[in-house]
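Have a look at the structure below before the remarks.
Derivation of every value follows stated rules applied to the coordinates shown; laboratory data play no part. Because the structure is predicted, anything quoted here is derived from the model rather than measured. Note that each Cβ is placed from the backbone with ideal geometry, even for glycine, and that neighbours are counted across all protein chains shown.
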Amino acid sequence: MQNNDSENKSGFSRFLDSIPAVLSSTASIMIFLFLFVYLFIFGLLGFIPGLKFLEPSNTTQLILGNYTNVLSALGAAIAAGVGSSVHKHVREHRKQTADLQTTVDRLEKKIDQLSKQVNETK
């Protein structure tokens, strides 16, 4: 049985555990969407001769990243949020199952005790 107490985890381990929450945060997703719109949509608009001024420069595209990296980061951010949510629910479900099993075991023990008491009084 794993011990998930945060007091037993190292600082680095807590940092690694916080990464999915940070990647799937609203701010992170908004940044990736902004980069996508700026780099990709404005890049496409740059093909229209009258809107050439909207096209990001090559230097800007290199600094802010390319289209593939932006889309990959956005997908990773969304997946990280979904994955951490699923793992959280699985942990909660396992804990609830263990609690339920403990309750069932206690009830079975109580039934056995009551059964013995009834048999002894006969």
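Of note:
- For Lys110, the lysines whose Cα comes closer than 20 Å to its Cα, not counting residues fewer than 8 places off in the same chain, are Lys122.
- Theoretical gain in end-to-end length, Lys116 to Ser10 [0.36 nm per residue, Cα-Cα removed]: 33.1 nm
- Annotation: lysines with alpha-carbon distance below 19 angstrom to Lys88 (same-chain offsets under eight excluded): Lys9.
- Computed from phi, the 3J(HN,Hα) profile of segment 95-109 under the Karplus parametrisation 6.51, -1.76, 1.60 (θ = phi - 60°) reads 5, 5, 5, 5, 5, 5, 4, 4, 5, 4, 4, 5, 5, 4, 5 Hz, with x in place of Gly and Pro.
- Amide hydrogen proximity for Ser24: with H placed 1.01 Å from N in the peptide plane, the residues at 5 or more positions away or on another chain lying under 5 Å are Gly81.
- Placing unit charges on the Cβ atoms of the charged side chains and taking the dipole of segment 9-121 about its Cα centre, the candidate lying farthest along the positive direction among Gly75, Leu44, Leu107 is Leu107.
- Size of charge dipole - segment 9-121 - debye, nearest 20, with Cβ of Lys, Arg +1 and Asp, Glu -1, no other charges: 180 debye
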